[in-house]
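This report concerns only the one structure given below.
The values are calculated or read from the model by the stated rules, or taken from the named source; none is laboratory data. For clarity, every value in this text was computed on a predicted model and none was experimentally measured. Every residue, glycine as well, gets a Cβ built from its backbone with ideal geometry; the counts of neighbours run over all protein chains shown.
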Amino acid sequence: MSVRKLLKVSMAAGLMLWANITLHADELSVVTIQPVIRLLAEPARDQDDLCVWVDPQDAQRSIVITSDKKAERLLIYDLKGNLLQEIPVDKPGNIDLRQGVMLGGRERSVVTHTIRSNGFRLQAYEVNPQTRKLERIDAGISTIPNYGGCLYHSPLSKRLYFITTSEETVVGQYELAMNSAGKLTGQLVREWSIGKCEGAVADDAAQMLYLGEESKGIWKVGAEPDAATPGKLMVEVGQHGIHGDVEGLAIMPTGKESGYLIVSDQGRNQYHVFDRAGENLHRGVFSLTGVQETDGIEAIPGDFGSSYPAGLFGCHADGDRCAIVLTSWKSIADALKLQD
């Protein structure tokens, strides 16, 4: 064998070894966390998204609201997994919540979810803080063909918006406001195009919106209705070992600007953690014991008692009737050595 051929073989072998070491290191970097509880009431069939209302007087009285499109219900749980309320709904989709929103002359905790049955719509409720039950408040809000979406509460104008994603190419932003009859209505104020996208989350304090284009990556765009679109492709599928089918997104704030963006990589049953601020540096990857093919996720800071002393992470788990799984944020932060 010539010296040139020998060098080529040696280099190829070296590259293969380097690739194997890199893959092995990436696999070792994934930490696995044990969840605290699975929320799975008898009516549940496919709880694929959730939001959390935090009781301002007693965080341990907070509730988890799940959207179940197969059962055609919203299911409302306490943090111990007890079912408090169920609301019949035509195939509810992505669900989100904002607290402290001034509407109709008073502050409200507003819950919205999409509907893809008998027309594309948005449905809205407010949380009664005494009963912890949801009460319908919308007048019927039509949308462009929706697939997912999220709420955004502007710190500048104090206005409330819903951003709806689609299975085709259009993203629409709706301003939500009360009409003279005291019912919530919506008006389209911005739209733009990206690929198939379901997961979305708004970082209200940073006035930033993140959208998960399933086969391409994560878009970062200004959340105000006059911000430039489509924004920046922050992370592409393939980076950091992201397999694709980018689904749920959540913001875990740990301070005014600090905290994390969490992304469900459904194709690998993993969750990627990025810095919330600056260049959104990648901080680590985790998985959850017994949880796979996650759609919706949620992350909430605060002290919710001994099981969740620094906040909680909630997610959809595929499988029999699709439980919502709650995990201690402290367990995740400690395992990934996140320092805030």
*Mind checking which pairs have a first residue in region 185-206 that is touching a residue at least 12 places away in the same chain (Cβ under 8 Å) and closer than 29 Å to Q266 by Cα and a second that is charged (D, E, K, R) and surrounded by 16 or more Cβ atoms within 10 Å (Cβ to Cβ), Cβ under 6 Å, 6 or more apart or different chains?*
I194/E213; G195/E213; G195/K216; K196/E214; C197/E213; G199/E247
*asked:* I need every pair where a residue in region 241-261 that is on the phi > 0 side of the Ramachandran plot and at pLDDT below 90 has its Cβ under 8 Å from the Cβ of a residue that is outside any strand (DSSP E or B) and charged (D, E, K, R), sequence separation at least 6 or different chains.
replied: G244/E214; D245/E214
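One line per residue, one yes/no per condition, for (1) out of contact with any strand residue (DSSP E or B) (no Cβ under 7 Å at 6 or more places or on another chain); (2) surrounded by fewer than 21 Cβ atoms within 10 Å (Cβ to Cβ); (3) of a type outside the set (S, T, N, Q):
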| site | (1), (2), (3) |
| --- | --- |
| Q60 | yes, yes, no |
| I65 | no, no, yes |
| E72 | no, yes, yes |
| Y77 | no, no, yes |
| E86 | no, yes, yes |
| G93 | no, no, yes |
| L97 | no, no, yes |
| L103 | no, yes, yes |
_Complete set of residues in region 275-317 that are surrounded by fewer than 21 Cβ atoms within 10 Å (Cβ to Cβ), under 16 Å from the mean Cα position of the chain (by Cα) and among the acidic types (D, E)_ = D275, E293
*Tell me, please, whether a residue that is crowded, with 19+ Cβ neighbours inside 10 Å, touching a Lys or Arg at 6+ places or on another chain (Cβ under 6 Å), touching a residue at least 60 places away in the same chain (Cβ under 8 Å) and under 20 Å from R159 (Cβ atoms) can be found in region 107-116.*
yes
*Only listed residue being farther than 16 Å from E126 by Cα, charged (D, E, K, R) and modelled with pLDDT under 95, chosen from D68, D90*: D90
*Name the residues in region 206-229 that are surrounded by 15 or more Cβ atoms within 10 Å (Cβ to Cβ), modelled with pLDDT under 95 and outside any strand (DSSP E or B), would you?*
E214, K216
*Restricting attention to strands (runs of 3 or more DSSP E) lying wholly within region 125-205, give those where 2 or more residues are surrounded by 15 or more Cβ atoms within 10 Å (Cβ to Cβ) and touching an Asp or Glu at 6+ places or on another chain (Cβ under 8 Å).*
148-153, 160-165, 170-178, 184-193, 197-203
*Which of the residues belonging to region 219-240 are among the charged types (D, E, K, R), in contact with a Lys or Arg (Cβ under 8 Å, 6 or more places away or on another chain) and either more than 23 Å from S154 (Cα to Cα) or touching a residue at least 40 places away in the same chain (Cβ under 8 Å) (or both)?*
K220, E236
